[in-house]
Amino acid sequence: MIAYIEGRLLELTGKGCVVVTNGGVGYELALPTTALAALPQKGGQVCLFTHLIVREEALDLYGFATQDERDLFRLLIGIDKLGPKKALAILSHFSPDHLRELVLREDADMLATVPGIGPKSAREIMWKLRDKVAGIKTGPVLAPTAQDGPRGEYADALSGMKALGYTEEEARPMMKDIFDAEPDLDASAAIRVALKRIAAAKS
């Protein structure tokens with residue numbers, strides 16, 4: 001398995017790039033647009049995490065700027081009927097942090113904005129990623145940290161509601177609605193809004 005490539009950027013291709021290693025071997029890789037945008041000028045040094053897919057008629061090599069993206073790609077292609085092209089399309093639209101946020105919020109509508117992913121497919125992907133969301137790792141190379149921003153606040157608010165005795169099934173749709181309406185809320189403010197809604201519904 002080819003897991004990592006380091007070398008010189010020889011050229012860009014329609015779907016990625018060609019990297020020449022110090023040993024003189026050139027590898028053609030398909031990349032998400034996020035990784036393409038981060039490439040240096042031709043001749044510059046490139047370091048990419050990779051995943052090799054072996055098919056009867058070809059060996060397809062995929063490259064990623066971070067190990068997190070590569071691991072997420074592997075999770076996505078493990079979903080039935082979600083091939084590498086659609087997985088790359090998803091990664092081109094969402095960072096691991098952002099996709100984790102969508103899964104936690106069960107925001108299938110946003111996932112359906114990816115070309116080639118319809119509403120039904122988005123719901124199926126969201127459902128199958130729910131149990132695997134812990135595998136969508138975040139790391140120091142990513143700009144947002146795990147607890148800075150909507151995803152961290154949503155997860156903290158959900159945990160807070162569960163600590164107050166509410167089930168995840170009760171808290172999840174409520175938190176989704178609250179953060180959809182006010183995405184900049186912190187966890188404690190979201191919990192206060194939720195408790196007010198619950199109290200108003202009982203009165």
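Annotations
- Here the simple spin-label model places points 7 Å from the Cα toward Cβ, and for Ala163 and Cys47 these points are separated by 3.8 nm.
- Choice from Met161, Met175, Met110 with maximal GNM fluctuation in the chain (Cα, 10 Å cutoff): Met110
- Label-to-label distance, nm, for residues given as Tyr4 and Ala37 (7 Å Cα→Cβ offset): 2.6 nm
- Relative to the longest principal axis of the Cα atoms of the chain, the long axis of helix 67-77 lies at roughly 80 degrees.
- Helix 150-163 axis, angle to the chain major axis (alpha carbon atoms, nearest 10°): 40 degrees
- Under DSSP loop assignment and at most 12 Cβ neighbours within 10 Å, longest GluC sites (Glu not before Pro)-free interval of the chain: 58-203
- Exposed trypsin sites (Lys or Arg not before Pro) absent: longest stretch of the chain, with sites in DSSP loops and at most 12 other Cβ within 10 Å deemed exposed: 82-203
- Over 23 Å between alpha carbons, listed pairs Lys81/Lys176; Lys15/Lys132; Lys15/Lys42: Lys81/Lys176; Lys15/Lys132
- Shape of the chain, Cα gyration tensor, a/c cut at 1.5: prolate
- Cα centroid of the range 25-101 to Cα centroid of the range 160-189, whole Å: 33 Å
- Cα-projected label distance for Ala189 with Lys128, points at 7 Å along beta-carbon direction, nm: 3.7 nm
- Folded to 0 to 90 degrees: helix 119-130 orientation relative to the chain principal axis, Cα: 80 degrees
- Residues in the range 18-38 that a label on Leu59 would reach, taking backbone N under 13 Å of a point 7 Å out along Cα→Cβ: 25-29
- Accessible area of Leu91 in the full protein assembly, 1.4 Å probe (Å², nearest 10): 0 Å²
- Of all aspartates and glutamates in the structure, the ones whose alpha carbon falls short of 15 Å from that of Lys120, not counting any fewer than 8 places away in one chain, are Asp80, Glu106, Asp107, Asp109.
- Rolling a 1.4 Å probe over the protein heavy atoms of the chain, with every protein chain left in place, gives an accessible area that is 54 percent carbon and sulfur.
- Sequence-separation-based contact order of the range 12-58, relative, with Cα cut under 8 Å and 6+ spacing, percent: 25 percent
The values are calculated or read from the model by the stated rules, or taken from the named source; none is laboratory data. Note that the structure is a prediction, hence the values are computed from the model and not measured. Neighbour counts are summed over all protein chains in view; Cβ atoms, including those assigned to glycine, are modelled from backbone coordinates with ideal geometry. Please note that ligands, DNA and RNA were not included when accessible areas were found on the heavy atoms of the full protein model with its side chains. Shrake-Rupley method; radii C 1.70, N 1.55, O 1.52, S 1.80 Å.
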